[in-house]
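Just so it is clear, none of the values below were taken in a lab; they were calculated from the coordinates. Note that this is a predicted model, so its numbers are computed, not measured. Neighbour counts are summed over all protein chains in view; Cβ atoms, including those assigned to glycine, are modelled from backbone coordinates with ideal geometry.
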Amino acid sequence: MNKRNEVLLQGNEACAMGALAAGMRFFAGYPITPSTEIAEFLAAELPKLNGTFIQMEDEISSMGAIIGASLAGTKSMTATSGPGFSLMQENIGFASMAEVPCVVVNVMRGGPSTGMPTRPSQGDVMQSRWGTHGDHPAIVLCPKSVLECYTLTVRAFNLAEKYRTPVIVLMDGIVGHMWENIEIPPTLEVIDRAKPTVPPEWYHPYENLPGGDITPLAPFGQGYRYHVTGMVHDRSGFPTLDHDEVEQGLKSIINKIKNNLHDIIDIEEYLLKDADICVVAYGSVARSAREAVNMARKEGIKAGMLRPITLWPFPRFHLEGITGRMKTFVIPEMNLGQVYGEVLKSCPKKAVRVTRVDGELVTPDQIFSKIQEVSS
Amino acid sequence: MMRTTEAIYKYLRPDKKFPHMWCPGCGIGIVMGALVRAIENTELTKDEIVLVSGIGCSGRISTYLDFNTLHTTHGRALTFATGIKLANPELTVITVMGDGDATAIGGNHLIHACRRNIGITSIIINNNIYGMTGGQYSPTTPMERKASTAQYGSIEKPFDICKLVEACGATFVARGTAFHAKMLDAMMLRALNHKGFSVVEAMSQCPVQYGRRNKLGTPMDMMQWFKDNSVSSPVFDKIPPDEVDEQFPVGVLVNKEEKDYIDRYRDIVKKAGGEVP
């Protein structure tokens with residue numbers, strides 16, 4: 001550690017350290033490139049804190065185990081990459097449906113299928129939103145730096161606990177494997193699980209409380225005996241096919257996110273105030289985009305950047321707010337246009353994309369060229 | 001023994017959950033009864049017990065019983081149970097799975113839970129068929145038996161669940177049937193008191209999806225078949241293999257003491273310099 005209290009950390013390591021700082025004491029995972037360092041780090045560190053590390057037989061079981069641990073009252077996490085993320089979708093849906101807080105880290109690599117294990121990608125943007133079947137909520141955070149791997153992992157746990165839902169930290173292979181000097185924030189807000197305030201006989205784990213408050217999840221074994229299921233359930237947690245209860249139950253898992261967009265959505269704006277060209281970039285590509293914006297400014301082009309830090313729910317209202325004064329949106333990403341499609345929903349006909357799926361980062365030059373092209 | 005009505009009020013959940021969804025003549029209720037009676041014979045309180053089930057007819061047991069209950073995804077009961085047990089080893093974690101649940105879609109989780117010898121009691125209700133989805137063949141459907149997806153008879157060699165889990169490292173393995181209700185009570189009690197991974201295979205009749213299709217008669221006939229063909233394991237071992245027709249061994253087949261996963265993990269915590277509570 002130097003005198004500025006900086007430490008040299010890898011993104012994956014910072015993510016694992018952020019999880020520990022957030023109070024995560026249960027990790028279950030399965031080895032997969034490029035996320036494995038997270039598991040390796042935690043295999044060494046968790047036992048020191050009397051926390052649990054277990055390497056499961058696959059990603060399906062890893063996801064099941066962290067849901068189980070969370071129901072027993074422990075903050076829990078798993079980490080994976082594309083193919084493993086696909087296997088986790090079944091139980092991510094369970095966590096959404098049963099409203100069990102947990103954090104899933106997906107360090108994106110080139111896909112589809114086995115794809116390019118050692119090359120970065122941003123190909124899982126849509127899978128992180130819609131990977132599991134049925135209508136469901138999604139909170140997905142997307143770090144661009146080693147520092148953010150730390151801070152956003154802490155935030156992921158906070159959001160998971162606050163909204164009783166799985167939260168995904170969507171890193172890419174570059175962010176995960178990048179090394180940077182960072183100063184670990186000495187204090188970060190950590191939200192711990194709320195405890196039920198009512199006696200067991202009044203407790204309904206899925207009750208919508210007045211004012212939109214979410215019923216605290218009682219840990220198993222503390223006198224609140226209730227039922228948890230992936231089936232559509234009533235406020236007590238028991239399966240129901242009653243039309244009113246079904247619709248109300250399904251909408252409530254969506255609405256608890258939808259009604260709190262202001263709290264959940266976080267964006268970064270860069271030189272956006274006077275801009276008429278807006279680059280929308282996220283993750284490691286946002287670093288190239290920032291450089292491209294600087295290059296454009298030197299040429300007198302009024303470019304700026306909007307970076308969704310919360311990728312889902314998508315910051316659509318932020319985009320819609322600036323659409324009127326933008327000539328064009330430029331969307332660079334390491335996929336064939338997954339966020340581009342989302343931007344089009346807010347500002348039809350005004351968006352162009354810069355895509356790359358050859359396993360390399362989109363460069364500042366590529367983005368700058370596109371900015372020049374659309375500004376002339 | 002506790003009077004039946006007392007047990008009903010103590011362990012079955014009131015309102016809305018009944019009548020249960022099992023068909024007339026189904027054996028799952030008998031297995032559920034055995035589990036309740038076994039639990040009543042322990043010192044455990046309802047709050048200390050977590051009952052985890054999978055998907056299918058057997059999966060619904062968790063809805064009916066008044067414990068901390070978790071109805072998971074198909075085949076995954078043991079993965080959730082592993083997380084619960086490791087996060088809070090003080091809890092008594094019981095899984096209830098069907099034959100398809102435990103040995104087909106959940107087969108990988110089953111063999112690894114055995115290998116880890118993690119302190120979970122696993123009840124596998126084996127009715128040789130996928131009942132809930134309408135009678136498709138399972139990994140325990142005997143050869144030549146018919147199923148909706150084996151219209152000309154099954155050509156797949158079935159699993160012997162007890163042999164499978166024994167080979168994978170389960171330290172307590174027992175087999176009973178829905179006919180031998182009292183024997184099931186006793187086996188489940190021993191499984192609950194066992195340290196490490198315990199498995200009770202409860203053979204159960206599915207008269208609707210399996211029995212009718214294979215002309216096995218009434219539920220009573222199917223239970224009579226259990227009675228006629230079950231042989232206590234020491235006696236079974238003496239039958240020359242070429243004389244074994246449809247008989248199968250029942251009783252406690254494996255019972256050994258080995259360090260369980262929780263204790264081994266506590267050793268890791270000590271090695272790493274952590275504090276074991």
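Brief remarks on what is shown
- Each pair of Cα atoms in region A:6-183 enters the Kirkwood radius, and Stokes-Einstein at 25 °C and 0.890 mPa s then converts it into a translational diffusion coefficient of 159 µm²/s.
- Packing rank of A:193-200, B:154-161, where each peptide gets the mean count of other beta carbons within 10 Å, highest leading: B:154-161, A:193-200
- Positive-end residue, region A:162-220 charge dipole about Cα centroid, Cβ charges, pick of A:W202, A:L217, A:T165: A:W202
- Using the Cβ of B:D221 as centre and a radius below 13 Å, the other residues enclosed give a net charge of +2, where K and R count +1 and D and E count -1.
- Each peptide in B:73-79, A:211-217, B:31-37, A:334-340 receives the mean, over its residues, of other Cβ atoms within 10 Å, and ordering these scores from highest gives B:73-79, B:31-37, A:334-340, A:211-217.
- Charge context of A:T165, other residues only, Cβ under 15 angstrom, K/R +1, D/E -1: +4
- Simple rule: put +1 on each Lys or Arg Cβ and -1 on each Asp or Glu Cβ in the protein assembly as shown, find the dipole, and look at B:Y64, B:Q151, A:V140; the Cα lying farthest toward the positive end is A:V140.
- Part-to-part distance (alpha-carbon centres) for region A:345-360 and region B:195-211, which is given in Å: 55
- Relative to the Cα centre, the charge distribution of chain A, modelled as +1 at Lys and Arg Cβ and -1 at Asp and Glu Cβ, gives a dipole magnitude of about 920 debye.
- Convex hull volume per residue for the protein assembly as shown, taking Cα atoms only, in Å³: 177
- Per principal axis, descending, Cα span of chain B in whole Å: 61, 47, 35
- The ranking of B:W22, A:W130, A:W202 from fewest to most other beta carbons within 10 Å of each one's beta carbon is A:W202, A:W130, B:W22.
- Taking all Cα pairs closer than 8 Å and separated by 6 or more residues, the relative contact order of chain B comes to 18 percent.
- Label separation (A:W179 vs A:W202): 5.7 nm, computed from points 7 Å beyond Cα along the C-beta direction.
- Label point at A:N294 placed 7 Å out along Cα→Cβ; residues across region A:336-376 whose backbone nitrogen lies under 19 Å: A:361-372
- Normalised contact order of chain A, rounded percent, pairs of Cα under 8 Å and 6 or more residues apart: 16
- Across chain A, Cα-Cα pairs farther apart than 31 Å form 36% of the total.
- Look at the stretch B:44-55: the mean tally of other chain Cβ atoms within 10 Å of its residues' Cβ atoms is 3.
- For A:T80, A:T187, order by how many other beta-carbon atoms lie within 10 Å, fewest first: A:T187, A:T80
- Taken over the C-alpha atoms, region B:1-131 has Rg and Dmax values of 14.3, 40 angstrom.
- Here the scattering of region A:200-262 is modelled by Debye summation over its C-alpha atoms, one equal scatterer each and no solvent; at q = 0.12, 0.15 Å⁻¹ the log10 of I(q)/I(0) is -0.31, -0.49.
- Ranked by the mean number of other Cβ atoms within 10 Å per residue, highest first, peptides B:109-116, B:86-93, A:63-70 order as A:63-70, B:109-116, B:86-93.
- Other protein chain Cβ atoms within 10 Å, averaged over every residue that makes up A:38-50: 3
- Pairs from A:K75/A:K195; A:K195/B:K85; A:K273/A:K298; A:K273/A:K350; B:K163/B:K259; B:K85/B:K157 whose Cα-Cα separation, in the structure shown, is over 24 Å: B:K85/B:K157
- Remark: mean inter-chain Cβ contacts per residue of A:216-223 equal 5, using a 10 Å Cβ-Cβ cutoff to other protein chain atoms.
- Spatially proximal aspartates and glutamates relative to B:K256 (Cα-Cα < 16 Å; intrachain offsets below 8 disregarded): B:E166
- Under Karplus coefficients 6.51, -1.76 and 1.60, residue-wise ³J(HN,Hα) of region B:143-153 in Hz, glycine/proline x: 4, 6, 6, 9, 8, 5, 10, 9, 5, 9, x
- Using the rule -39500 (n - 2.57) for each DSSP H run of four or more residues, divided by the residues of the protein assembly as shown, the 222 nm mean residue ellipticity is -11000 deg cm²/dmol.
- Relative intensity of region A:267-375 on a log10 scale, I(q)/I(0) at q = 0.17 Å⁻¹, equals -0.67, per a Debye sum over C-alpha point scatterers of equal strength in the absence of solvent.
- The lysines whose alpha-carbon is closer than 16 Å to the alpha-carbon of A:K256, local same-chain residues fewer than 8 away aside, are A:K162.
- Euclidean distance of C-alpha centroids, region A:57-94 and region B:88-159, integer Å: 22
- Amide H contacts of A:L311: A:V140, A:L141, A:C142, each under 5 Å away and 5 or more positions distant or on a separate chain (H built 1.01 Å from N in the peptide plane; Pro and chain starts excluded).
- Using the Cβ of B:P158 as centre and a radius below 12 Å, the other residues enclosed give a net charge of -1, where K and R count +1 and D and E count -1.
- Taking other Cβ atoms within 10 Å as a rough exposure proxy, B:H71, A:H133 sort from fewest to most as A:H133, B:H71.
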